[in-house]
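The values are calculated or read from the model by the stated rules, or taken from the named source; none is laboratory data. Worth saying up front: this structure is predicted, and the values here are computed from it rather than measured. Heads up, the Cβs are rebuilt from the backbone with ideal geometry, glycines too, and the neighbour counts pull from every protein chain shown. The accessibility values were calculated without ligands, DNA or RNA, using every heavy atom of the protein model including side chains. Shrake-Rupley method; radii C 1.70, N 1.55, O 1.52, S 1.80 Å.
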Amino acid sequence: MEPTTACNLGCPECPSGLKKFTRPTGKMELVRHEKWLKELSKTVFYVTYYFQGEPFLNPQFLEMIKAAKRYRMFTATSTNAHFITQDNAEEVVRSGLDQLIISVDGVTQEVYEQYRVHGDLEKVWRATEALVKAKQKLNSSTPKLIFQCLAVKPNEHEIPLVFEKAKTLGVDEVRIKSAQLYDYKHGNPLMPEKEEYSRYKQTRQGEFVLKNTGGNHCWRMWTGSVVTWDGKVVPCCFDKDAAHAMGELTKDSFNKIWRNPSYQAFRTGILKNRQGIDICQNCSEGSKVWL
């Protein structure tokens, strides 16, 4: 579920950061969210509260988390942590949020801001410290705190230091994620030099291709969907502009959308020729780097 499309940063490979959406932008309304959540409550047990945008820019974001917890759903989100402070860290913990991914793309401001444009790394450290203290004060094991580093060329030399920083601050886990690059065939300034950090590999002809293009299958098509801020149902998180919207929750029930001919045809297309579908051609499924 997408709380908002808005973001305070300007990351170079992100439609939200670049302000280059072709679809309408906005934030999810609490009343609509509650209605959709209730409808989904009999079959949904895990809600990821981010798609595009910074979730904490929706002022009702924590109310969404609380609503999901009333339905006993596991809740997770990802944030740049610029809006978590000592003043609201305890509220974040009390909301019941189960998992919080914090983007940490470097341990020095000079490196961090090369990808997290307009970002302030000190705010990230302060937010992390505030959350750890809030969990301790409230004797809470949640949210699980995860540092996630998007591996790009400017920060790959600092990746080992991310693990050290996480240990110092009391973070539960570190993940190194390979970066999706829109223009990669002839290389990209953001592409890591170490192939172990990259989603791509170089061929003998000198061009770059996905390490693992995957076969004609995708478990995501039968296990979940993405709901945009305004209720569009899209097949997965790679459809960032909702070009393959299967329906709208403002018009039909999720169950009807899930089983409609368009969705079934899309699934069939995956099974027959996955690489013939645009959003699947740069998909990381099966080729992510998790360390």
Inset, instruction - Name the long-range amide H neighbours of Phe74: under 5 Å, sequence gap of 5 or more, or other chain; modelled H, no Pro or chain starts. - result: Tyr46, Val47
Legend entry - Of Trp222, Gln205, Ala134, farthest towards positive along the dipole that unit charges on Lys, Arg, Asp, Glu beta carbons give the stretch 98-245: Trp222
Legend entry - Two-site label geometry, Gln202 and Lys185: point separation in nm, points 7 Å out along Cα→Cβ: 1.8 nm
Inset, instruction - Post the alpha-carbon centroid distance, the stretch 181-247 to the stretch 102-179, in whole angstrom. - result: 24 Å
Legend entry - 15 Å cut-off, amide nitrogen to a point 7 angstrom out along Lys167 Cα→Cβ, residues in the stretch 144-159: 159
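With an 8 Å cut-off on Cα pairs and a minimum separation of 6 or more residues, tell me the relative contact order of the stretch 32-107 in percent.
Details: 80 pairs, mean separation 24.8, N = 76.
Dividing the mean separation by the residue count of the stretch 32-107 yields 33 percent.
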Inset, instruction - Could you give the size of the charge dipole of the stretch 156-268 about its Cα centre, using +1 on the Cβ of each K and R and -1 on the Cβ of each D and E, expressed in debye and rounded to the nearest 20? - result: 440 debye
Inset, instruction - Would you kindly find the accessible area of Glu54, with a 1.4 Å probe and non-protein molecules such as ligands, DNA and RNA excluded, rounding to the nearest 10 Å²? - result: 10 Å²
Inset, instruction - Check cross-link reach from Lys256 to the lysines: straight Cα distance under 19 Å, and skip same-chain residues fewer than eight apart. - result: Lys35, Lys38, Lys42, Lys232
Inset, instruction - Could you state how much accessible area Asp120 has, in square angstrom rounded to the nearest 10, with a 1.4 Å probe and all protein chains kept in place? - result: 50 Å²
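Near Arg267, within a Cβ-to-Cβ distance under 13 Å, what is the net charge of the other residues, with Lys and Arg +1 and Asp and Glu -1? Before the final figure, lay out the partial values.
Working: positive: Arg220, Arg259, Lys272, Arg274; negative: none.
With Lys, Arg at +1 and Asp, Glu at -1, the net is +4.
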Inset, instruction - Provide His157, His118 ordered by accessible surface of protein heavy atoms (probe 1.4 Å), highest first. - result: His118, His157
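Quick one: putting +1 on the C-beta of Lys and Arg, -1 on the C-beta of Asp and Glu, what dipole do you get for the chain around its Cα centre, in Debye to the nearest 20?
Details: 41 positive and 34 negative charges, 221 e Å.
For the chain, the charge dipole is close to 1060 debye.
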Inset, instruction - Would you check the accessible area of Trp222, probe 1.4 Å, heavy atoms only, in square angstrom rounded to 10? - result: 120 Å²
